[in-house]
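Since the structure comes first, as C-alpha cells, the remarks are kept for the end.
Read-outs throughout are calculated quantities, based only on the coordinates presented, and are distinct from any laboratory measurement. All values reported here derive from a predicted model rather than from experimental measurement. A quick note on method: Cβ atoms are made from the backbone with ideal geometry, for glycine too, and the neighbour counts reach across all protein chains shown.
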Amino acid sequence: MYFGFVNSLKRARMDDRNPVIGEIKVFSPLHGDLLRGRRVKDVLTAYERAGVAAISYITAEQFKGDFKTLKRIVKITEIPVLRKDFIRTRKEVERSAEAEVSALLLIARHLKERTVEMVDLCKEHGIEPVVEVHHAEDLTYTENSRVILINNRDIDRMERDGGNVETTARIADRVKAFKISGSGISTIRDLLFVLRYADAALIGTAFMMAEDTESFVRTFVEAGR
C-alpha cells in the first residue's frame, strides 16, 4: 500500500491510460443492488486488471457500504483508495487514517466554513482531501484544497438527479486545483468530454452495471489513446 492518490492519476496519463477512478458501489438508491451476487474482491480485481488508476469505495449507509469492507480493500490492493462518505467529524478523518486510505471525500456544501479546517486535518493525517463541489458557489469553501471533485449530480437528491456532464464544463475553468469529474459518466463519449475539462474521471454505476466488468472498464481506460 502506498499513498499517492494524485500521483497515481497523473502516472496513468504518462502510461498512456486515461486517469480513471473505478468506484466499488454496492448499492444505488436508483438502481438497487449493484453487486448482483459478486464479491467486492472480484470487482476490485476486475478494476485492477482493467488498469484503473485508483479505487473509490462508498462507506455511507445509504449506499449499503461498510467500514470493514473499506479496510479489506485497502489491505488487498496496491493502488490508492478514496473513501467516500458524508464526513462531518474529526473522528471520521482519524478512522480513515487508521484504515490507511489514500484520500477522503469532503463535501463542501455540507461542511461549508468547516471545509478548510477538515482539509487541513486530512493533510495532517497523511490523507489527500478530495473536496466535492456541485455548484460554483461551493468553491467559496475550497481555498486550501489541492483536489476538487466536480460532482455532476446533486448529491442531496440521492440520484434522483441523473447527472449532467455539462456541469464539469461549466465549473472547471474556475477551479485551479487538480480536477476530477464524477457522476453521470456512462459512455466513452461522456468520459472523453469530461477529460477535456478535468484531470481525471470517477465512474461507479456504469462500471458496476456492466455485464463484463473488466472488458467494459478497459474500454474506458484505453479510449482515445
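Averaged over every viewing direction, what's the projected area of the C-alpha convex hull for the range 5-222? Give it in nm², one decimal, please.
Convex hull of Cα atoms, orientation-averaged projection: 10.4 nm².
Once you put a point 7 Å from the Cα of ASP173 and another 7 Å from the Cα of MET14, both along the Cβ direction, what distance in nm separates them?
The two pseudo-label positions are separated by 3.1 nm.
Between MET209 and GLU113, what FRET efficiency comes out of the Förster formula 1/(1 + (r/R0)^6) with R0 = 45 Å and r the beta carbon distance, rounded to 0.05?
0.75
Find the lysine pairs in the range 1-146 meeting two conditions, Cα atoms under 19 Å apart and a separation of 8 or more places or different chains, and report how many there are.
Count of close lysine pairs: 22.
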